[in-house]
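Student: Below: one structure in C-alpha cells.
The values are calculated or read from the model by the stated rules, or taken from the named source; none is laboratory data. Since this is a predicted model, take the numbers as computed values, not measurements. Glycine also receives a Cβ, built like all others from the backbone with ideal geometry; neighbour counts cover every protein chain displayed. To get the accessible areas, we keep the full protein, side chains included, count just its heavy atoms, and leave off ligands, DNA and RNA. Shrake-Rupley method; radii C 1.70, N 1.55, O 1.52, S 1.80 Å.
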Amino acid sequence: MAFKYAIALTGGIATGKSTVASLLALNGMRVIDADTISHKILDASHLWVKETFGEEFVDALKVNREKLGGLVFSDEEKKKLLEEYLHPKIRDEIEQLSIKQDSFKFPYLIDIPLFFEKGAYEIKESVVVYTPAVVQLQRFMKRNAYPEEESLKRIASQMPIDEKKARATWVIDNSKNLKHLQQEVEDFVEKIKGIYL
C-alpha cells in the first residue's frame, strides 16, 4: 500500500512550487517530483507522440514540450488523449517510489501539480504553495514571456489558487520575497517534525 506517509505538494502555475520543493529538500525533506517523472516518461514515449500528434513535436529522441503544450492547451481532445496515455505510467512510477519512501516511516512530499484537479492519489495531507492570483499572472508572464491572453488560458486550465488554498492541510505563502519563502518552508518543516518526531 503506497502513500502512507505521503504529503502532496501542490500549487498553481508560477506559484513557486519548484522553488519550494528545492528548499524542502535543502531542509532535509524527501521529495518525489511528478514533473521530473512525467518529463522522463514523455521522452521515453517520443515514438508514440510522433505517431499520435506528428513528427514536428519530436526533436531527435526528445519531445518538444513547448510545442506539444501549445497544441494540447488549445485542444481539449488532444489534451485528454495525452493525459490518458501518460497519467497511468506516471502514477505507477510514483507509486513504486512511494512504497520505498514509506519504509522509512517518516513523511515525504510528492510534488503533484494537478493533485486537487485529478484526485488520482489517495493522499490525505496536502501543502499548497500560495501566491495571490494577480501575482501568479505577473510571474507567469515574466517567466514564460507569454502574452496575457495565453497566460490566462494556461492558468485557467487549473483550479483557482484560492480554492486550492482552502482545501489544503497546510499553506506555504509565497507572496513576498525569497527570504520570506525560506522562513515559510522552515516553519513548515518544523511543524512536520513536531507532529512525527
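Student: Pick from the range 60-81 the residues that are of a type in the set (D, E) and open to solvent by 80 Å² or more (accessible area, probe 1.4 Å): which of them is nearest to the chain's Cα centre (by Cα)? Explain how you work it out, then say what you get.
Tutor: Just the residues of the range 60-81 that are of a type in the set (D, E), to begin with: 66, 75-77.
Filter again for open to solvent by 80 Å² or more (accessible area, probe 1.4 Å), leaving 66, 76-77.
On the way: E66: 17, E76: 20, E77: 22 Å.
Ranking the qualifying residues of the range 60-81, first place goes to E66.
Student: Right, another one. For the range 140-149, indicate whether the set of residues that are over 17 Å from the mean Cα position of the chain (by Cα), in a helix (DSSP H, G or I) and acidic (D, E) is non-empty.
Tutor: First, the residues of the range 140-149 that are over 17 Å from the mean Cα position of the chain (by Cα): 141-142, 145-149.
Pick out the ones that are also in a helix (DSSP H, G or I) and you get 141-142, 148-149.
Right, trim to acidic (D, E) and you get 148-149.
Yes: one or more hits.
Student: Here's a follow-up. How many of the residues making up the range 11-20 are outside any loop (DSSP other than H, G, I, E, B) and either free of Cβ contacts under 8 Å to residues at least 40 places away in the same chain or surrounded by fewer than 21 Cβ atoms within 10 Å (Cβ to Cβ) (or both)?
Tutor: Keep residues of the range 11-20 that are outside any loop (DSSP other than H, G, I, E, B), which gives 17-20.
If we keep only those that are either free of Cβ contacts under 8 Å to residues at least 40 places away in the same chain or surrounded by fewer than 21 Cβ atoms within 10 Å (Cβ to Cβ) (or both) too, we end up with 18-19.
Of the residues in the range 11-20, 2 are outside any loop (DSSP other than H, G, I, E, B) and either free of Cβ contacts under 8 Å to residues at least 40 places away in the same chain or surrounded by fewer than 21 Cβ atoms within 10 Å (Cβ to Cβ) (or both).
Student: Give me the residue from the range 99-121 that is more than 16 Å from the chain's Cα centre (by Cα) and in contact (Cβ under 8 Å) with a residue 40 or more places away in the chain and, out of that set, nearest to D162 (Cα to Cα). Lay out the reasoning, then the answer.
Tutor: Of the range 99-121, the ones more than 16 Å from the chain's Cα centre (by Cα) are 99-107.
Now drop any that are not in contact (Cβ under 8 Å) with a residue 40 or more places away in the chain, which leaves 99, 101-102, 104-107.
Values: I99: 31, Q101: 30, D102: 30, F104: 33, K105: 32, F106: 29, P107: 25 Å.
The extreme case among them is P107.
Student: Which residues, taken from the range 22-38, are under 18 Å from A120 (Cβ atoms) and either surrounded by fewer than 18 Cβ atoms within 10 Å (Cβ to Cβ) or touching a Lys or Arg at 6+ places or on another chain (Cβ under 6 Å) (or both)?
Tutor: Filtering the range 22-38 for residues under 18 Å from A120 (Cβ atoms) gives 32-38.
D35, T36, listed by residue number.
Student: For the range 98-121, how many residues are open to solvent by 60 Å² or more (accessible area, probe 1.4 Å) and under 21 Å from A25 (Cα atoms)?
Tutor: Final tally of qualifying residues: 5.
One line per residue, one yes/no per condition, for (1) of a type in the set (K, R); (2) closer than 19 Å to D35 by Cα:
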{"residue": "Y108", "(1), (2)": "no, yes"}
{"residue": "G119", "(1), (2)": "no, yes"}
{"residue": "V127", "(1), (2)": "no, yes"}
{"residue": "V135", "(1), (2)": "no, no"}
{"residue": "A145", "(1), (2)": "no, no"}
{"residue": "E148", "(1), (2)": "no, no"}
{"residue": "I155", "(1), (2)": "no, yes"}
{"residue": "K176", "(1), (2)": "yes, no"}
{"residue": "E184", "(1), (2)": "no, no"}
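Student: Collect the residues in the range 22-39 that are closer than 17 Å to V129 by Cβ, touching a strand residue (DSSP E or B) at 6+ places or on another chain (Cβ under 8 Å) and modelled with pLDDT of 95 or more, keeping them in residue-number order.
Tutor: Within the range 22-39, L24, A25, M29, V31, I32 qualify.
Student: Still on this structure, please answer the following. Can you tell me which residue within the range 150-197, out of those that are outside any helix (DSSP H, G or I) and of a type in the set (D, E, K, R), is modelled with the highest pLDDT?
Tutor: To start, the set of residues in the range 150-197 that are outside any helix (DSSP H, G or I) comprises 157-160, 168-177, 197.
Still in the running and of a type in the set (D, E, K, R): 173, 176.
Numbers: D173: 97, K176: 94.
Among those that are outside any helix (DSSP H, G or I) and of a type in the set (D, E, K, R), it is D173.
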